[in-house]
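Accompanying notes for the structure given below.
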Amino acid sequence: MKSYLSLIPISAKVHRRRNRMTILCIVFAVFLVTAIFSVADMVTQGEHIAMINKHGNWHISLSNVSRDTAQGIRVRPDVTAAGFSSVFNLDGEQPYYVNEKKAVLYGTEEACIKQISNGIIEGDFPQKDDQVMLSPNAIGALKVWPGDEITVHTPAGDRVFTVSGLGTDDKGYYEGQTYLVGVYMTQRAFSSLMEQNKIADNDTTLYVQFQSAAKAAKAKKELAAQYGLPEESISENTGVMGTAGYSKSKSMNGFYQIAAILFVLVLLAGTLMISGSMNSNLAQRTQFFGMMRCIGASRRQIIRFVRLEALNWCKRAVPMGMLLGTLASWGVCGMLRYGIGGEWDTMPVFKVSSVGLICGAMVGIITVLLSAESPARRAAKVSPVSAVSGNAGNTPAVRRAARTGFLKIESSLGIHHAVAVRKGWFFMTASFALGIILLLSFSVLLDFAKLLMPSQSVTTADLALNGYANAKILDRELVDEIRKMEGVSNVYGCNYRDNIPAVSLREGIDHINVVSYDETLLEYAKESVVQGDLSEIYGNSNKAATVFNKDNPLKVGDIVKIGSTEIEISCILSQGLFGDSQILICSQKTYDRLMGPEKYCLIGVQLGRNATEETVAQIRDFENSQVIVSDLREYNQQNNATYLATRMITYGFLAIIGIITLFNIINSISMSVSARTKQYGAMRAVGMDGRQLTRMIAAEAFTYAVSGLIAGFGIGIPLSRFLYIGLITRHLGVEWRLSGALIGIVIVFVVFSALIAVYAPAKRICNMAITVTINEL
């Protein structure tokens with residue numbers, strides 16, 4: 001033997017079964033971190049690809065910049081592509097048509113479509129002024145293909161163009177539409193068409209693609225300073241920049257911060273698990289370290305021995321954890337892409353995440369080294385005399401007898417054992433508390449996902465009828481007519497008026513948007529109430545609701561004066577049909593009195609399970625040059641798929657957290673029992689039977705459980721409230737409420753964990769011979 005370190009592989013073989021639990025803890029911690037960060041990395045990459053596919057691969061846009069400025073930007077070494085684009089009639093408000101469908105007119109450059117958006121689906125970008133490219137939905141809406149001729153109808157006259165190709169720079173906007181068609185032409189043709197129709201106030205935007213989102217974020221300030229551009233003229237592609245981690249959006253950054261908190265909690269759980277297992281392992285070998293001191297090992301050598309032994313465990317555990325974590329992430333990504341689909345179609349599956357592997361390896365190694373520090377120093381303090389005498393120093397000095405009170409002696413001893421060593425009590429309490437904190441924190445994500453998904457709202461429509469630019473052209477009798485159709489479960493109608501002059505004591509309120517809700521919508525709105533009383537709005541009243549928004553100053557009890565009528569805010573909703581700006585929601589009768597009787601601007605149709613395509617076709621027959629019929633079923637299915645995936649991932653995390661907590665508690669109780677093996681042998685020698693011994697261990701475990709519940713709820717409930725406010729209340733207005741059901745589940749889980757944790761060590765001690773327990777090393 002050249003050095004004491006040569007004992008490490010020998011010790012590993014001798015204590016192979018004893019080390020198995022510690023190695024398993026390291027594997028599980030590395031697996032957990034690798035899987036979580038790998039899935040998060042793949043989700044981010046998938047979302048990044050989806051954002052590019054839907055909205056284009058540009059990073060920033062600059063409005064109203066000169067050609068000279070644009071040329072200066074194009075030649076920057078960090079810019080890969082830049083192109084001008086103009087758009088007119090985006091909402092279909094003006095009477096511009098391509099054949100019989102409303103037309104959105106674009107004047108753009110080839111770089112915008114080919115390089116920045118990669119939007120060419122078939123054919124090519126227009127090379128001549130008499131050619132156009134149509135959005136992909138033109139195939140279904142107009143039945144045209146590349147090479148066909150189309151006519152663009154404008155108020156100043158018609159123009160005939162040849163279709164050169166199909167494509168778009170905003171796939172998400174035209175997906176599923178049949179009433180609006182994008183017409184992309186050269187900038188010269190577009191300018192000519194605008195001049196012909198005497199439209200001079202159409203802005204041109206320069207879209208810029210950089211080598212990376214990081215360089216784009218850096219260039220924003222440089223461009224503003226170099227060319228004297230006002231801040232409002234520079235916009236970012238929030239989806240692309242946000243998924244790359246460089247968005248300036250406060251909402252995006254807020255989500256990153258909350259995600260970081262949750263990940264830190266998970267990492268802390270892994271650290272605590274490894275630390276507890278290593279403490280258990282080394283606590284059973286203190287005499288071994290004492291014997292090393294007897295043959296000449298110094299304290300520094302003992303510390304070094306323990307550290308290197310821990311790293312020796314990592315040689316097997318870390319690669320195994322990384323492999324299992326990668327396989328688990330492949331399984332999750334495959335389930336999301338092939339099992340759920342929709343928004344997850346772009347999710348990479350069999351791709352190794354360098355982020356996940358690096359985080360898993362670092363956590364495994366760093367956590368093991370940190371966890372080994374305290375046991376190493378404690379092992380170094382074992383004196384040679386203690387090793388020779390057989391007293392390893394595991395038993396603390398008894399300063400006072402256990403207080404029995406009204407409890408049986410074995411229960412009193414169990415409680416005394418739990419609280420006798422404060423450091424041990426702290427770590428055991430932390431084992432229970434951390435699991436509770438994680439469960440309470442991750443449960444917030446489920447509420448957030450449900451509220452965030454539009455398809456989870458009771459007002460979600462499968463089909464929507466509305467006029468261009470919210471024109472009020474839908475007869476109210478149409479609601480009853482559609483409701484009678486077979487396969488229709490419910491129908492609602494509403495009106496909308498924006499920018500109505502108003503007066504309020506609240507600063508910033510000089511105009512207001514007014515919305516009418518019919519009886520169906522008012523019933524649905526009951527589930528969205530966050531403050532106030534909705535019942536006061538019904539009928540012809542001077543009461544109204546508003547929608548929560550951090551920028552909306554209106555509160556319950558505020559008065560808004562419209563004309564000569566004073567309207568009181570009696571209720572605040574978390575969401576509304578027409579956004580969450582400064583808005584008043586009133587009954588249909590109140591709206592008619594304020595604005596005058598009008599036709600509906602929106603009718604929402606909800607289909608039942610027995611609905612067929614014939615039902616959809618009947619409703620589509622109402623579509624004409626003024627009425628839009630939108631089929632939202634596929635969009636709702638994608639949102640449902642996203643919500644289902646979010647629930648599955650969150651429940652998966654909760655299950656992993658539960659397993660970690662259970663595993664850690666079982667290991668910690670086992671460690672405590674192992675440290676007192678001699679004491680239990682002595683108690684059995686003086687007459688304590690197995691049932692009393694089990695009750696004593698149970699009393700110790702439940703002492704930890706009770707203190708863990710107190711600490712877990714004491715920290716977890718405020719943290720859960722903080723996360724809820726940051727994710728939900730701040731953005732949707734829904735107030736945090738303590739869930740009694742969740743508290744009950746947590747208590748049952750902790751009690752169950754304590755019972756399971758008692759079983760194995762109690763059985764092991766009871767089955768051991770008394771002489772063995774007394775002489776246990």
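Using packing as a proxy for protection, rank 178-184, 723-729 so that the peptide with the highest average count of other Cβ atoms within 10 Å comes first.
Per-residue mean Cβ counts within 10 Å order the peptides as 178-184, 723-729.
With just the Cα atoms defining each centre, how far is the range 122-165 from the range 531-581? Give it in Å.
Rounded to whole Å, the Cα centres lie 46 Å apart.
Determine, for PHE722, PHE752, PHE88, PHE432, the number of other Cβ atoms within 10 Å of each Cβ, and report the residues in order from fewest to most.
Going from least to most buried by this count: PHE752, PHE722, PHE88, PHE432.
In the range 57-236, what is the volume of the convex hull around the alpha carbon atoms, normalised per residue and reported in Å³?
Per residue, the Cα convex hull of the range 57-236 comes to 114 Å³.
Once the other residues with Cβ under 15 Å from the Cβ of ALA111 are scored (Lys, Arg +1; Asp, Glu -1), what is the net sum?
0
If you count the DSSP beta bridges with both ends in the range 502-637, what percent of them are antiparallel, to the nearest 5?
50
Using mean Cβ contacts within 10 Å as the protection proxy, how do 536-542, 742-748 order, highest first?
Descending mean neighbour count gives 536-542, 742-748.
I'd like to compare 64-75, 294-305: which one has the highest average count of other Cβ atoms within 10 Å, and what's the full order after that?
294-305, 64-75
Between the range 587-632 and the range 696-762, how far is it from one alpha carbon centroid to the other, in angstrom?
Centre-to-centre distance over Cα atoms comes out at 47 Å.
Report the equivalent ellipsoid semi-axes for the range 458-634 in whole Å, largest first, defined as the square roots of five times the eigenvalues of the gyration tensor built from alpha carbon atoms.
The three semi-axes for the range 458-634 are 30, 16, 14 Å.
In whole Å, how far is the Cα centre of the range 471-500 from that of the range 224-241?
That distance is 41 Å.
Relative contact order of the range 458-634: what whole-number percent is it, with Cα pairs under 8 angstrom and at least 6 residues apart?
38
Residues with beta-carbon under 15 Å from that of ALA698, excluding ALA698: net charge, scoring Lys, Arg +1 and Asp, Glu -1?
+3
Each reported figure results from applying straightforward, stated rules to the coordinates on display, with no laboratory input. Treat the numbers as computed from the prediction; the structure is a model and nothing was measured. Glycine gets a Cβ as well: all are built from the backbone with ideal geometry, and neighbour counts include every protein chain shown.
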